[in-house]
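Below is one structure, written out as structure tokens; the observations come after it.
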Amino acid sequence: MPDTVVKPRTKTRPKTARPPLYKVILLNDDFTPREFVVQVLKAVFRMNAEHANHVMLTAHQKGACVIAVYTRDVAETKAKEATELGKEKGYPLFFTTEPEN
Ligand code: TYC
């Protein structure tokens with residue numbers, strides 16, 4: 001059997017540019033019921049009950065909470081969708097987006 005010849009790798013892998021990411025931020029308000037905020041976080045951002053509760057409480061206590069990062073399109077769509085769910089119920093619940101960097 002011929003010996004295996006191991007050739008050192010010399011090819012360079014071209015770096016693939018990654019799309020810029022956007023944060024989705026949940027803002028506190030005095031009117032939206034806590035349970036409703038949790039419900040929206042679970043539905044739109046696929047959070048489990050524990051995580052949704054934690055995020056809701058952080059926004060409640062600190063005024064705002066970064067809840068996720070996505071590509072711009074996804075971030076804006078989810079923020080709009082989540083804000084709309086509150087609006088339908090007459091709540092001022094608000095989600096905004098901003099570039100991560
Ligand atoms: N502050 C609201 C209340 O006391 C609950 C709430 C929490 C609303 C987080 C918005 O992002 C929010 N009912």
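Computed values, structure above
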read-out: About the Cα centre, charge dipole magnitude for region 21-99 (Lys/Arg +1, Asp/Glu -1 at Cβ), debye; value: 120 debye
read-out: From phi via Karplus (6.51, -1.76, 1.60), per-residue ³J(HN,Hα) for region 66-82 in Hz, x at Gly/Pro; value: 6, 10, 5, 10, 9, 5, 3, 4, 5, 4, 5, 5, 5, 4, 5, 4, 5
read-out: Cβ-based charge dipole, the chain, positive-most Cα from ALA17, ALA43, ALA59; value: ALA17
read-out: Burial ordering of LYS15, LYS62, fewest other beta-carbon atoms within 10 Å first; value: LYS15, LYS62
read-out: Relative contact order computed over region 21-99 (Cα-Cα under 8 Å; 6+ residues apart), in percent; value: 51 percent
read-out: Formal net charge of residues neighbouring PRO99 (Cβ-Cβ distance under 9 Å; K, R +1; D, E -1); value: 0
read-out: Proximal charge balance of ASN53 [Cβ under 14 Å; K/R count +1, D/E count -1]; value: 0
read-out: Net charge, LYS23 excluded, C-beta distance under 10 Å - Lys, Arg +1, Asp, Glu -1; value: -2
read-out: Using alpha-carbon coordinates, inclination of helix 49-62 to the longest axis of the chain, degrees; value: 70 degrees
read-out: Spin-label pair THR16/THR4, simplified geometry with 7 Å Cα→Cβ offset, distance in nm; value: 2.8 nm
read-out: Relative compactness, the chain, computed as alpha-carbon Rg over 2.2 N^0.38 Å; value: 1.66
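Computed from the coordinates by the stated procedures, all read-outs in this text should not be read as laboratory data. Predicted model only: the values in this text are computed from it and were never measured. As a convention, Cβ positions derive from the backbone with ideal geometry for all residues, glycine included, and neighbour counts pool all protein chains shown.
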